[in-house]
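Comments concern the structure below.
The values are calculated or read from the model by the stated rules, or taken from the named source; none is laboratory data. The structure presented is a predicted model; accordingly, all values stated were derived computationally and were not measured. Cβ placement follows ideal geometry from the backbone for every residue including glycine, while neighbour counts extend to all protein chains displayed. To get the accessible areas, we keep the full protein, side chains included, count just its heavy atoms, and leave off ligands, DNA and RNA. Shrake-Rupley method; radii C 1.70, N 1.55, O 1.52, S 1.80 Å.
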Amino acid sequence: MPHLIVVYGPPFSGKSTFAAALAHSLPEKTAIVSADYLAHEAIAVHDGAAFDEMEMVTTQVRLLVANYLKNGYNVVLEGAFSHVIDGELQHREQEIDQIAALMRNLAPSPLLVRLVADERVLEERANRAGRENEIPVAIRINSAYKPRYGRWLQIDTGVATVDDAIETLRERLNTADIR
């Protein structure tokens, strides 16, 4: 049975890097679905209806994840699942739970992985990327996430290396409960 691993966290927490490294470390066929890519890169010209676009992206994420799982692929889904639109925090973390619940027939034990980093680390990474203007958004999103229930793991990417984080996750991937 394939695995569904949802990697989420604020901008600059290392989601894309971690998701790619994790996907490439799994021995079975694995696909990466990036909610962030679909929301911010796949739509080349936005129409101004940001909320409607986020709903469209959510639908696409669900379809992609279901299709890969149905065909026996492990899926590493990554995204912030929270965004600041027109100055307002659009906290869409419930989508993580909805996707995990919808996919239970295809991947019975989805694993949620929240990446965190302290403000200093987020600022350093934003500065290195030349995206200093996104620091307040990253910090705001980072503080908005709620505690998780069920099968989840939190990784501090300011402390753990990507390899260490992947090793921790792989050791626990098949356990009944992750905390």
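Selection over the stretch 45-77 of residues that are touching a strand residue (DSSP E or B) at 6+ places or on another chain (Cβ under 6 Å) and farther than 13 Å from A100 by Cβ gives a count of 6. Return the pair list, or none, for Cβ contacts closer than 9 Å from residues in the stretch 131-149 that are free of Cβ contacts under 8 Å to residues at least 12 places away in the same chain and under 26 Å from L111 (Cβ atoms) to residues that are surrounded by 18 or more Cβ atoms within 10 Å (Cβ to Cβ) and of a type outside the set (A, V, I, L, M, F, W, C), at least 6 apart or on different chains. Filtered contacts from the stretch 131-149: S143/P10.
In the stretch 15-35, what residues are open to solvent by 30 Å² or more (accessible area, probe 1.4 Å) and either over 20 Å from M103 (Cβ atoms) or touching a Lys or Arg at 6+ places or on another chain (Cβ under 9 Å) (or both)?
Residues of the stretch 15-35 that are open to solvent by 30 Å² or more (accessible area, probe 1.4 Å), as a first pass: 16-17, 20-21, 24-25, 27-30, 32.
S16, T17, A20, A21, H24, S25, P27 - these are the residues of the stretch 15-35 that are open to solvent by 30 Å² or more (accessible area, probe 1.4 Å) and either over 20 Å from M103 (Cβ atoms) or touching a Lys or Arg at 6+ places or on another chain (Cβ under 9 Å) (or both).
Among the residues of the stretch 134-152, are any surrounded by fewer than 13 Cβ atoms within 10 Å (Cβ to Cβ), modelled with pLDDT of 85 or more, of a type outside the set (S, T, Y) and farther than 26 Å from A66 by Cα? For the stretch 134-152, residues surrounded by fewer than 13 Cβ atoms within 10 Å (Cβ to Cβ), modelled with pLDDT of 85 or more, of a type outside the set (S, T, Y) and farther than 26 Å from A66 by Cα: present. Going through (1) assigned to a helix (DSSP H, G or I); (2) open to solvent by 70 Å² or more (accessible area, probe 1.4 Å) one by one, V65 falls short only on (2).
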